[in-house]
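I have placed the structure first, in the form of C-alpha cells, so that the comments after it can refer back to it.
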Amino acid sequence: MASIEKRGPRTYRLEVHLGRDGRGKPIRHRKTIKVPENLTGRKLKEFLNLELAKFQLEVESGTYIAPEKMLFRDFAIGEWWPKFAEKRYSPANQKNIRSILNAHILPAFGDMRLDTIKTIHCVNLMDELSRKPGRSGKPLSGSTMLNVHKALDSIFAKAVEWRLIKENPMDGVERPTMDRWKKQYYDEEEAREVIAALYQEPVEWRLYFLGLMLGGFRRGELLALEWPDVDFDNNMIHIRKAITMTKDGQPVETPPKAGSEGSVVMPEWYMKELAKYRRQWMRERLQAGDRWEGGERQYVFHNGLGRPWHYTTPTQKWIKFIAKHDLKHIRLHDLRHTAATLLIEAGVELKAVQERLRHSRYQTTADFYAHVTKRVSKETAAKLEKFDPRNLSPNRPPRGQDGTFSS
C-alpha cells in the first residue's frame, strides 16, 4: 500500500506500507519531496505518481535507506556525488574531490550516521588534519585544508537542502586560509634571455611557451587551441575551451575557467611566426595520411599526428627546458604572471591587464599583482628624487634660517 500526502505549497510526503512486523506494529517508510514550481494539474499528478512508484520499488527491494539511518558514506557517494558533484564540478575538480574524500573525509566520517555528525566532530577533524603530515612528511597545505572544508560544507549543505538533516554542522567551523605562495616571474631582462633560448627549441614548443608568456594564457587553454580559434586578420587568439586532464587516454575538454572565455590580441611578429608554423602543420597533416589521429579536429599544438599533448606534458617539457639552458626556475603557470608583470612594468593600466588575463573581477588582478604595482610606484617616485632641492645646482636660491628657501 502506498499513498501521497500534501504537506506544503510544493512539498509532498510519500508513504509506503509493508504490512506489520512480528509484534503487529505497522512497517511503513516515509519520504518528503519537493516538486518544481512549473508542475501543475496532470503533469504534477504524473510526477508524483512516478516518484511514488520509484520510492515503493526502493522500499520493496530493500535498497531504500531511511534518512535517520543513512551513513555519511552512503549519502556522499550515493546521493551527493551523482546528483550534485558530477554535474557541478569539472572533471579535474572531480578527481581532486575524490582524492580528498578517500584520503581525509571518509576515513573519519564514512561509517557515522549522517544525522549524528555535529559541529564539534567537524572542528576536531579539521584540527587533526592541520597536524597530519602529508605525503611529503610536512603538514597538509592550506589549499588541501581549504578543499576539505569546502567538500564537507557542500555535502552537508545538500543534506540540509534535501531535508535529511536540519542544520549544516560546518556552519561553525572556521574556514582555513589558503597558502599564499611567493609569485615568481621573469623581469624584462630575464624574459629576453628565455626568448633567446626558446629559439634553440622546436618551433611548436617555442610558440607554445611564448604564447603563455606574452598572451597570459593558461596551460590547458593553449592545449585545446584549434586553428579556427586563431584570427590572423586581427592578430587575435580566441579562448573557447581548455584541456585540464586526460581520462581513459583521451583529453577531456571543458569550458575555460569561469569568466575566462575571450580573445587576446597578440604581437604581430608572433602571429607571423604562428602563420608560418601553420603551413608546416598542414604539410605534416598531409604527410601523415591514414596515420593522422586528430580526425577533423585541428589542434594547433599536437603530438605530431593530430592528437593534443597530454595535459602534463608542457610542465615536464618546461622543467627540462629551463634546466637545459640554466634559466631561473619558475613554474610553468608563472609565465602567466610574467605576462602581467611585464605589462605593468611597461606602464599598462591594471584594467587593461585584467582584460588581457580575462580575470572576471578587477579586484582579482589588483590583489594578485599588488606587489608589482607597489614596486613600480616606488620606482616611479624614486625618479623624482633628482628634484630634491638639496641635489640641485650651486646656483639654487639661498635657504632661509629655517631650512626653507627665502622668497
What angle, in degrees between 0 and 90 and rounded to the nearest 10, separates the Cα long axis of helix 119-130 from the longest principal axis of the Cα atoms of the chain?
40
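For the chain, what is the mean residue ellipticity at 222 nm derived from helices alone (per DSSP H run of n ≥ 4: -39500 (n - 2.57); sum divided by total residues; nearest 500 deg cm²/dmol)? Working shown, then result.
Details: 15 runs with 173 residues, N = 407.
Rounded to the nearest 500, it is -13000 deg cm²/dmol.
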Stretch ALA323-GLU37 to full length: gain in nm at 0.36 nm per residue minus the Cα-Cα span?
96.9 nm
If R0 is 35 Å, what FRET efficiency do you get for LYS95 and ASN303 from their C-beta distance, rounded to 0.05?
0.95
Mind checking which of LEU274, ILE117, GLY294 is farthest towards the positive end of the chain's charge dipole, using Cβ charges of +1 (Lys, Arg) and -1 (Asp, Glu) about the Cα centre?
ILE117
Compactness of segment 310-358 as Cα Rg over 2.2 N^0.38 Å, two decimals
1.40
Nearest-ten-degree value, helix 334-345 long axis tilted from longest Cα axis of the chain
50
Folded to 0 to 90 degrees: helix 370-382 orientation relative to the chain principal axis, Cα:
20
From the cross-link list LYS83/LYS150; LYS276/LYS317; LYS118/LYS166; LYS87/LYS166; LYS87/LYS158, the entries with a Cα-Cα span beyond 19 Å are LYS276/LYS317; LYS87/LYS166
Sites excluded, chymotrypsin sites (Phe, Trp or Tyr not before Pro) in DSSP loops with at most 11 other C-beta within 10 Å, longest stretch of the chain
200-407
Express in whole angstrom the spacing between the alpha-carbon centres of segment 83-113 and segment 1-70.
28
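With r defined as the distance between the Cβ atoms of ASP21 and LYS45 and R0 fixed at 22 Å, what FRET efficiency is calculated, to the nearest 0.05?
Numbers: r = 32 Å, r/R0 = 1.47.
It comes to 0.10.
Would you list GLU221, GLU174, GLU293 from fewest to most Cβ contacts within 10 Å? Spell out each step's value before the answer.
On the way: GLU221 27, GLU174 9, GLU293 12.
Starting with the residue having the fewest Cβ neighbours, the order is GLU174, GLU293, GLU221.
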Given the options LYS317, LYS43, LYS150, state which has the largest fluctuation in a GNM of the chain using a 10 Å cut-off (strictly under) for Cα springs.
LYS43
Taking the Cα centre as origin and putting +1 on Lys and Arg beta-carbons and -1 on Asp and Glu beta-carbons, what dipole magnitude results for the chain, to the nearest 20 debye?
1000
Most fluctuating residue given options ASP229, ASP187, ASP290, as computed from a GNM of the chain linking Cα atoms under 10 Å:
ASP290
Straight-line reach check, LYS257, cutoff 16 Å on alpha carbons, 8 or more apart in-chain or any other chain, hits among aspartates and glutamates -> GLU221, GLU355
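Within the set of other residues whose C-beta is less than 14 Å from the C-beta of ILE97, count the net charge using Lys and Arg as +1 and Asp and Glu as -1.
Details: positive: LYS87, ARG88, LYS95, ARG98, LYS150, LYS158; negative: GLU86, ASP153.
Result for the local shell: +4.
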Would you work out which of LEU342, TYR186, HIS104 lies farthest towards the positive end of the dipole of the chain? Charges go on Cβ: Lys and Arg +1, Asp and Glu -1.
HIS104
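Throughout, read-outs are computed from the coordinates displayed, never taken from laboratory work. Bear in mind that the values here come from a model prediction, so they are computed numbers and not experimental data. Please note: Cβ atoms are built from the backbone with ideal geometry, for glycine as well, and neighbour counts cover all protein chains shown.
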